[in-house]
Amino acid sequence: MPTRIANLGRLRLEMFGTLALLIGLATLAFAALTRFVNPLAAVILAVAFNALMWLASPSLIELMYRARELKPSEAPWLHEALERISAESGIRKPKLVLVPLSVPNAFAYGTPLSGYRVAVTEGLLSTLSPEEVEAVLAHEVGHIAHGDMQVMMLASTLPAIFYHIGRSLYYSSYLGDRDDRGQLVLAGGLAIALATVLWLVSLRLSRLREYYADAHAATVLPGGARRLQDALVKIAAHSNPGLGARVAQARPLFISDPMLPPVDPAELKRALMEKRPTLSERILGIFSTHPNIVDRLRVLEDIARQLGQ
């Protein structure tokens, strides 16, 4: 996987194929289920809820994490770096936001209506070198440049639609004729099973887009792949598994999963060449929004060699 992903053409093709699979499965199942129920209400409910959450997410994130906009006078070098990276990426500079958390991490969020933000934690600024912080900023800018917020909103809406259709079919079985009850229960169960499959496909799409954002950082910064490698190692080494639910709720947003157990940076670097993820780690990875960190480091290693970094 890592070597194949490091080829940007194949990565783009795999992302397109995954998204096409997600939409294709949803379309076929949608057509099949219309014989059992009018799915319009479920579609409206799921789309409306996800759209509302998407639009409200900037305010909710800032309220939940007490995030505030970081003024240029407070961190001029950080604003200059974000301006430079944004220009290199072909986008307007997003707002820079500071999150008062000691865990070193960062995330991008926002909508075309509210504007985009790149958030960094206090822990990130105190743990990483300026060069490593720039690599993290470039990764997050990559998410904005690639439209990942919109893509993942679509990807998360499709499983929600079929979950609501499944629930509707299941509860309709108690109201319909006895002859139809078994069919409705079966159709509802299949719809919920499909929602689970679509959810897993959407998680895979999320992992692929993390690789793509890593590749973006590697290409827009001199030595970007090596700098991001070092940043990821430090972030993983300083992760704190005891932060609780407040951090856990935002795990999909972060550049690296903050609930990973602490890892020594030197040990993690050695794992780049030596460690092979176990079967249990591979299985857990299927349910993760982010790739296994060892895989990310290996992909960045391949990209660095391709770019001569």
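The values are calculated or read from the model by the stated rules, or taken from the named source; none is laboratory data. Predicted, not measured: the structure shown is a model, and the values here were computed from it. Backbone-built Cβ (ideal geometry, glycine too); neighbour counts: all protein chains shown.
Things to note:
- Residues within segment 88-97 that are among the β-branched types (V, I, T) and in a loop (DSSP other than H, G, I, E, B), tallied: 1
- For segment 191-234, the set of residues classified as in contact (Cβ under 8 Å) with a residue 60 or more places away in the chain, closer than 30 Å to S172 by Cβ and among the aliphatic types (A, V, I, L, M) consists of A191, L194, V197, L198, L200, V201, L203, listed by residue number.
- Looking across segment 61-83 at every residue that is among the aliphatic types (A, V, I, L, M) and either on the phi > 0 side of the Ramachandran plot or surrounded by fewer than 16 Cβ atoms within 10 Å (Cβ to Cβ) (or both), the one that is farthest from the chain's Cα centre (by Cα) is identified as L63.
- Residues that are touching a Gly at 6+ places or on another chain (Cβ under 9 Å) and in contact (Cβ under 8 Å) with a residue 60 or more places away in the chain, drawn from segment 87-107: S89, L101, S102, V103, P104, N105
- Top-ranked residue in segment 96-110 [being of a type in the set (A, V, I, L, M) and touching a His at 6+ places or on another chain (Cβ under 7 Å); ranked as nearest to L232 (Cα to Cα)]: A108
- Cβ-Cβ distances below 8 Å connect the following pairs, each with a first residue in segment 75-86 that is more than 17 Å from L128 (Cα to Cα), a second residue that is β-branched (V, I, T) and part of a helix (DSSP H, G or I), and a separation of six or more residues or different chains: I85/V141; I85/V220; S86/V141.
- The number of residues in segment 65-82 that are outside any helix (DSSP H, G or I) and hydrophobic (A, V, I, L, M, F, W, C) comes to 3.
- I85, sole failed condition from (1) farther than 25 Å from V233 by Cβ; (2) outside any loop (DSSP other than H, G, I, E, B): (1)
- Restricting segment 279-304 to residues that are among the β-branched types (V, I, T) and part of a helix (DSSP H, G or I), the residue that is farthest from V136 (Cα to Cα) is I283.
- All positions within segment 84-127 that are on the phi > 0 side of the Ramachandran plot and modelled with pLDDT of 95 or more: G90
- Residue within segment 115-129 that is polar (S, T, N, Q), assigned to a strand (DSSP E or B) and under 29 Å from A225 (Cβ atoms) present: yes
- In the set R227, R181, only one residue is crowded, with 23+ Cβ neighbours inside 10 Å, among the basic types (K, R) and either outside any loop (DSSP other than H, G, I, E, B) or out of contact with any Gly (no Cβ under 6 Å at 6 or more places or on another chain) (or both); that residue is R227.
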